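Everything below concerns the one structure shown next.
The values are calculated or read from the model by the stated rules, or taken from the named source; none is laboratory data. Note that the structure is a prediction, hence the values are computed from the model and not measured. Note that we place each Cβ from the backbone using ideal geometry, even for glycine, and neighbour counts take in every protein chain shown. The accessibility values were calculated without ligands, DNA or RNA, using every heavy atom of the protein model including side chains. Shrake-Rupley method; radii C 1.70, N 1.55, O 1.52, S 1.80 Å.
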Amino acid sequence: MKAASVNEITQALKNLSRQELIELCLRLARYKKENKELLTYLLFEAADEQQYITKINEGITDGFTEVNTTNVYYAKKTIRKILRIANKFIRYSGSKTIGVEVLLHYCTNFKRLNLKWQRSTALSNLYQSQLKKIKTAIAGMHEDLQHDYLRQLKRLEIE
C-alpha cells in the first residue's frame, strides 16, 4: 500500500469534522509511542520551550551518569542511545534553538565523560559530527544568537 502525499492528507483532513479529527489523533496516539510523544509535545510542551529544553537536558545528564565507562563498546552503545533520544526530541520541536542548546549540552556531557573516548575512532567521529551539526544549525540563526552559541561551541572544540 502506497502512502498518500501530505497535500492529499491535508485536503482529506479539511473535510473532516472536529470530532472525527479528535478520533483520528487519538487513534494515531494508540499505535505508536512516537506519535503519542509528538502529540504530547504539541499539546502541552510547545508553549514553554525553555522548560522543554530543561527536561531534555535532564534526561541527557541522567543518561550520561549511567554510561558504563569500564568498556568502550558498552559506553558507545549507551552514548548513541542518548543521542538517538535527544535527536528524536529535537525533531519534535523543529526549532534550531532547541537543537543547538540540546546538542551543546550533549557534547558538554560527552566531553566530561570519564572515558578515553578520543582513542576510539567511532566515538571521536560521533563527537565531531555533533559539533558539525551544531555549526550548521548556528549558521542559520540570528547574529546575536550566533555569537552566544559560537562561544559555547569554541569551548567544546578546544582540546
- [ ] With all protein chains present, calculate the accessible area of S120 using a 1.4 Å probe and round the result to the nearest 10 Å².
- [x] 20
Open item on the list: Largest first, please: the extent of the C-alpha atoms of the stretch 1-90 along each principal axis, to the nearest Å.
Closed with: 57, 35, 21
- [ ] Could you go through the stretch 91-105 in sequence order and give the Karplus-derived ³J(HN,Hα) for each residue, using 6.51 cos²θ - 1.76 cosθ + 1.60 with θ = phi - 60°, rounded to whole Hz, and x for Gly and Pro?
- [x] 4, 4, 6, x, 9, 5, 4, 4, x, 5, 4, 5, 5, 4, 5
TODO: For the chain, give the magnitude of the charge dipole about the Cα centre (Cβ charges: +1 Lys/Arg, -1 Asp/Glu; no others), in debye to the nearest 20.
DONE: 820
Task: Karplus (6.51, -1.76, 1.60) ³J(HN,Hα), θ = phi - 60°, over the stretch 124-134, in Hz, Gly and Pro reported as x - done: 5, 5, 4, 4, 5, 5, 5, 4, 5, 5, 5
Open item on the list: For Cα pairs less than 8 Å apart in space and 6+ apart in sequence, what is the mean separation divided by the residue count of the stretch 1-83, i.e. the relative contact order in percent?
Closed with: 12
TODO: Using the charge dipole of the stretch 13-159 (Lys, Arg: +1 at Cβ; Asp, Glu: -1 at Cβ; taken about the Cα centre), state which of Y92, V72, L42 has its Cα farthest towards the positive end.
DONE: V72
Open item on the list: Computing the accessible area with a 1.4 Å probe over protein heavy atoms, can you report the carbon and sulfur percentage for the chain?
Closed with: 53
TODO: Treating the angle as unsigned and between 0 and 90°, give the value, to the nearest 10°, between the Cα long axis of helix 49-65 and the longest Cα principal axis of the chain.
DONE: 50
Open item on the list: Whole-Hz ³J(HN,Hα) for each residue in the stretch 21-29, computed from phi via Karplus 6.51 cos²θ - 1.76 cosθ + 1.60 with θ = phi - 60°, x for glycine and proline: what do you get?
Closed with: 5, 4, 5, 5, 4, 5, 5, 4, 5
- [ ] Report relative contact order for the chain in percent, whole number only (criteria: Cα-Cα under 8 Å, sequence separation at least 6).
- [x] 18
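Convert 10 °C to kelvin, take the viscosity as 1.306 mPa s, use the Kirkwood radius over C-alpha pairs of the chain as Rh, and evaluate the Stokes-Einstein diffusion coefficient in µm²/s, rounded to a whole number. Intermediate results must be reported in sequence, preceding the final value.
Values: Rh = 17.9 Å.
It diffuses with D of about 89 µm²/s by this estimate.
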Open item on the list: I need two numbers for the stretch 74-159: Rg to one decimal and Dmax as a whole number, Cα atoms only, in Å.
Closed with: 12.9, 40
